[in-house]
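The values are calculated or read from the model by the stated rules, or taken from the named source; none is laboratory data. Quick caveat, the model's predicted, so the values are computed rather than measured. Here the Cβ positions follow ideal geometry from the backbone for every residue, glycine too, while neighbour counts run over all protein chains shown.
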Amino acid sequence: MTKSNKDLVLYRLKRARDTLEDARILADARRWNPCVNRLYYA
(Lines give C-alpha, C1' and ligand atoms only; values in the text may rest on other atoms or scores of the structure.)
Protein backbone atom coordinates (compact mmCIF):
# COMPACT_ATOMS: atom_id res chain seq x y z
CA MET A 1 0.00 0.00 0.00
CA THR A 2 1.41 3.38 -0.92
CA LYS A 3 1.65 6.18 1.58
CA SER A 4 -1.15 8.12 -0.09
CA ASN A 5 -3.42 5.04 -0.03
CA LYS A 6 -2.66 4.48 3.63
CA ASP A 7 -3.40 8.13 4.40
CA LEU A 8 -6.72 7.86 2.57
CA VAL A 9 -7.68 4.71 4.48
CA LEU A 10 -6.80 6.32 7.81
CA TYR A 11 -8.77 9.45 6.89
CA ARG A 12 -11.85 7.43 5.94
CA LEU A 13 -11.67 5.33 9.10
CA LYS A 14 -11.51 8.49 11.20
CA ARG A 15 -14.51 9.94 9.36
CA ALA A 16 -16.44 6.70 9.93
CA ARG A 17 -15.64 6.74 13.65
CA ASP A 18 -16.70 10.40 13.91
CA THR A 19 -19.94 9.67 12.06
CA LEU A 20 -20.64 6.69 14.33
CA GLU A 21 -20.17 8.94 17.35
CA ASP A 22 -22.67 11.39 15.81
CA ALA A 23 -25.15 8.50 15.45
CA ARG A 24 -24.71 7.59 19.13
CA ILE A 25 -25.43 11.17 20.16
CA LEU A 26 -28.54 11.24 17.99
CA ALA A 27 -29.71 7.88 19.40
CA ASP A 28 -29.30 9.17 22.95
CA ALA A 29 -31.51 12.10 21.95
CA ARG A 30 -34.03 9.64 20.43
CA ARG A 31 -33.60 11.24 17.00
CA TRP A 32 -34.05 8.01 15.07
CA ASN A 33 -34.26 9.17 11.44
CA PRO A 34 -31.07 11.25 11.53
CA CYS A 35 -29.43 8.49 13.59
CA VAL A 36 -30.15 5.88 10.93
CA ASN A 37 -28.88 8.28 8.28
CA ARG A 38 -25.57 8.67 10.11
CA LEU A 39 -25.29 4.90 10.55
CA TYR A 40 -25.75 4.43 6.81
CA TYR A 41 -22.85 6.78 6.09
CA ALA A 42 -20.63 5.41 8.86
Report summary line: Residue pairs within 7 Å by beta carbon, gap of at least six or interchain, first lying in the stretch 1-19 and closer than 21 Å to Ala42 by Cβ and touching a residue at least 12 places away in the same chain (Cβ under 8 Å), second in a helix (DSSP H, G or I) and among the basic types (Lys, Arg), listed first then second, are Thr19/Arg38
Report summary line: Of the listed residues (Arg24, Arg30, Arg17, Arg12), the one being on the phi > 0 side of the Ramachandran plot and either touching a His at 6+ places or on another chain (Cβ under 7 Å) or at pLDDT 95 or above (or both) is Arg30
Query raised in the report: Taking into account only those residues within the stretch 1-25 that are in a helix (DSSP H, G or I) and β-branched (Val, Ile, Thr), which is nearest to Leu39 (Cα to Cα)?
Result: Thr19
Query raised in the report: For the stretch 33-42, what are the residues that are under 20 Å from Arg12 (Cβ atoms) and either in contact with a helix residue (DSSP H, G or I) (Cβ under 7 Å, 6 or more places away or on another chain) or surrounded by 14 or more Cβ atoms within 10 Å (Cβ to Cβ) (or both)?
Result: Asn37, Arg38, Leu39, Tyr41, Ala42
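Specify which of the listed residues (Arg30, Arg15) is surrounded by 10 or more Cβ atoms within 10 Å (Cβ to Cβ) and basic (Lys, Arg).
Arg15
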